[in-house]
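In what follows, a single structure is set out as structure tokens and then discussed.
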Amino acid sequence: MITQTILDETTAAQVAQLFTTLSDTSRVRIIGALSARELSVGEIAAIVGISQSAVSHHLRHLRQMYLVRARKEGRYVYYSLDDEHVDDLFRCGLEHVQHG
């Protein structure tokens, strides 16, 4: 039996925006880095190989889409994936590419 998911326009637009956010390779690499553990902007920049300014820019987009969250500790801010769904989405995409 085949089931069909019919989306209303608003939900379809939200899903499209999610995939648009994930269409940037730096953002995908940031999510990959955060799938391992919580990291600061400097740590993310070193792992991904882009400037701290660029990381901050990408994190702003990822936060707006509720893909990552921030936690302040003193003058430092640490980032992590917002919830397990983000990690699941990342891992499913990675598996699809690796086995496709």
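Bear in mind that the values in this text are calculations on the coordinates, not laboratory data. From a predicted model like this one, the values you see are computed outputs, not experimental measurements. Heads up, the Cβs are rebuilt from the backbone with ideal geometry, glycines too, and the neighbour counts pull from every protein chain shown.
Details
- Principal-axis tilt of helix 52-64 within the chain, Cα atoms, nearest 10 degrees: 40
- Pair-distance profile P(r), taking every C-alpha pair of the chain, with 5 angstrom steps and integer %: 2, 12, 22, 22, 18, 11, 6, 4, 2, 1, 0, 0
- In the chain, the calculated helix contribution to ellipticity at 222 nm averages -18500 deg cm²/dmol per residue, counting -39,500 (n - 2.57) for every DSSP H run with n ≥ 4.
- The chain, dipole about Cα centre (Lys/Arg Cβ +1, Asp/Glu Cβ -1), debye to the nearest 20: 480
- DSSP-loop chymotrypsin sites (Phe, Trp or Tyr not before Pro) across segment 28-100, with at most 16 other Cβ within 10 angstrom: Tyr66
- Segment 18-86, relative contact order [Cα under 8 Å, separation at least 6], %: 33
- Only one residue of Val28, Leu62, Gly42 has its Cα farthest out toward the positive end of the dipole of the chain, where Lys and Arg carry +1 and Asp and Glu -1 on Cβ, and that residue is Gly42.
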